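The values are calculated or read from the model by the stated rules, or taken from the named source; none is laboratory data. In this text the structure is predicted, and so the values were computed from the model without any measurement. Every residue, glycine as well, gets a Cβ built from its backbone with ideal geometry; the counts of neighbours run over all protein chains shown. For accessibility, only protein heavy atoms count, side chains too; no ligands or nucleic acids. Shrake-Rupley method; radii C 1.70, N 1.55, O 1.52, S 1.80 Å.
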Amino acid sequence: MQTDESLIRQVKKMFEEKTGWGNSDTWTNQDFLQLSELIRDETGITLSHVTLKRVWGKVKYDSLPNTHTLNTLAQFLGYDNWRDLAARHPPAQNPPAQPLPEITQNPPGLSRNSPENTQHPPEAALNSTNGKTDSGLRPDQPAAPQGSPDQPAAPQGNPDQPAAPQGSPAQPARSLHRQFRRIWLGAPILVLILAILLFLHGQQPPPQPQDYAFSSKKVVAAGLPNSVIFDYDASRSPDDSVIIQQSWDTTRRVKVPKSGHQYTSIYYYPDFYHATLRVHDQVVKTHSLLIQSNGWLPLIEQNPVPVYFKKEEAIHDGKISLSLDQIRAKNIPLQPSAPTVMFSNVRDFGEIYSDHFTFETSVRNDYSEGSAACQMTRIYLLCEGTAIWIPLCARGCVSTTDLYFTYFYTSGRREDLSNFGVDFSKFVKLRIEADSGRAKIFVNNQLAFTVPRHIRHSKIIGIDYRFEGTGSVDYVYLSNGKITYRDDFSQPADPLTSFSSQPDK
């Protein structure tokens, strides 16, 4: 398969154009995490951010990308597979042959500036006899005795012991010579056997999805924490174990025996998840998993288990909020690192989609002490397989913000997001209007940003607020013109009657 380096460079440029993220040499770890999600959403196949960083030369990798990775990259760009892409983009002519590289050169696929670029000489260099004499390989011959040229000197030692014939090599040297000869004669055979085994391993047919089964069921319909029971059949796996990945997060992988049939996992946060079954490093089955919150869920993020509050504790005086006293009562320290307070509502909002909706809310960050001086705040609209997040912060901290809208991503380090810097001494109004492949974002009734492209059609399934320190939400409004969800937090029950269907105009 054609994997010319010039073609890889072309593909990187195509990714830069499709994402709109600019020069990939400046992409961060967060960018590759987001790219992994985009590829999964587009192709249904998960390539980890580490694999992508290897392709882009950000992580040390001593071999070319495998066929599965190359095909997935090509499919994301709209081609059938890598061969199709290579046929439509023939690489440049090969340059004249160059001398063999020195052992200190970077291995293929490794960026010269990569921090992992640690050179190691090949094994042959480590085993060389540089600095050593041949005495380590063959014993020295006895020194020639002194005597006249015509009369050899009498042998030393026991006169009754017959002397070894002149010119005959010592027996130990002859034995070592034969051993080394056997090793050198056998080495090519061992190399040939290893090459055949590697070739046969590479020719192993990929796992076929129809040979596997994978499904799940939740223990409770809504509410957190929630356990999920995965049922699987991987008896035809070529390996002894397979991998169940509970979400997009590659750290949530677990090996299970191919002879098994069930595995149970626990979810602590409400969201829309993609669960996958991986066989021989390939996704063979995937399905969606919606973990609902059962109305508004207040919590403080903490690893591995968040600190939960009852909705009745947070909804009062026409707002949802957690006071500093409530946080301290749970023994959560506010310094030196402020906690992250989250209000989440994941449910069925009806047929409201990310490319056609209006969202409005009013928020305030209520803590600015110490390390929380930036008052970082994010408003999320969770969607099936993707998300939208809008940042708000103190005016001096906009450089550290970023914005994501289904496929579109930008950050305060790349462009001017100063309109998202606000004064949190009073409530801040945020409004989003999405239609016809574009979106406008307003802050306090002023146009703050326009999303020009890459808006994906995806069902909205959740609303999240994340406050550095703590914060308050005054009201929520979400509508597509026909279906409307609103909540002014006048009662903690969060009734379904907050939905209203509007007649067609």
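Within the range 40-59, the residues that satisfy the criterion of being touching a helix residue (DSSP H, G or I) at 6+ places or on another chain (Cβ under 8 Å), of a type outside the set (S, T, N, Q) and in a loop (DSSP other than H, G, I, E, B) are Ile45, Leu47, Trp56, Lys58, Val59. Quick check: anything in the range 413-424 modelled with pLDDT under 95 and within 24 Å of the chain's Cα centre (by Cα)? So far as the range 413-424 goes, yes, one or more of its residues are modelled with pLDDT under 95 and within 24 Å of the chain's Cα centre (by Cα).
Considered as a group, the residues in the range 416-437 that are of a type in the set (Phe, Trp, Tyr) and outside any helix (DSSP H, G or I) include one that is nearest to Phe32 (Cα to Cα), and that residue is Phe424. Residues that are small (Gly, Ala, Ser) and within 17 Å of Tyr477 (Cβ to Cβ) are absent from the range 371-378 altogether. Selection within the range 443-463: residues that are open to solvent by less than 10 Å² (accessible area, probe 1.4 Å) and touching a residue at least 60 places away in the same chain (Cβ under 8 Å). The member of this set that is nearest to Leu403 (Cα to Cα) is Ile463. Within the range 218-243, the set of residues being closer than 30 Å to Ser344 by Cβ and not in a strand (DSSP E or B) comprises Val219, Val220, Ala221, Ala222, Gly223, Leu224, Pro225.
For Ala373, the conditions (1) among the aliphatic types (A, V, I, L, M); (2) open to solvent by less than 20 Å² (accessible area, probe 1.4 Å); (3) more than 30 Å from Arg486 (Cα to Cα); (4) out of contact with any Lys or Arg (no Cβ under 8 Å at 6 or more places or on another chain) are fulfilled apart from (2).
Tallying residues that are open to solvent by less than 40 Å² (accessible area, probe 1.4 Å) and either at pLDDT 95 or above or under 18 Å from Tyr485 (Cα atoms) (or both) within the range 425-442 yields 6. Do you know which residues across the range 225-248 are open to solvent by 30 Å² or more (accessible area, probe 1.4 Å), out of contact with any helix residue (DSSP H, G or I) (no Cβ under 9 Å at 6 or more places or on another chain) and not polar (S, T, N, Q)? Hits for the range 225-248 are Pro225, Ile229, Asp231, Pro238, Asp239, Asp240, Ile243.
One residue stands out among those in the range 274-333 that are hydroxyl-bearing (Ser, Thr, Tyr) and buried (at least 20 other Cβ atoms within 10 Å of the Cβ): the one that is farthest from Asp464 (Cα to Cα), which is Thr276. Restricted to strands (runs of 3 or more DSSP E) entirely inside the range 319-415, no element has at least 3 residues that are of a type in the set (Lys, Arg).
Against the conditions (1) open to solvent by 30 Å² or more (accessible area, probe 1.4 Å); (2) within 13 Å of Leu381 (Cβ to Cβ), Ser479 satisfies every one except (1).
Got a sec? Which of Ser354, Ser368, Ser323 is at pLDDT 95 or above, among the hydroxyl-bearing types (Ser, Thr, Tyr) and in contact with a Leu (Cβ under 8 Å, 6 or more places away or on another chain)? Every option except Ser354 fails the conditions.
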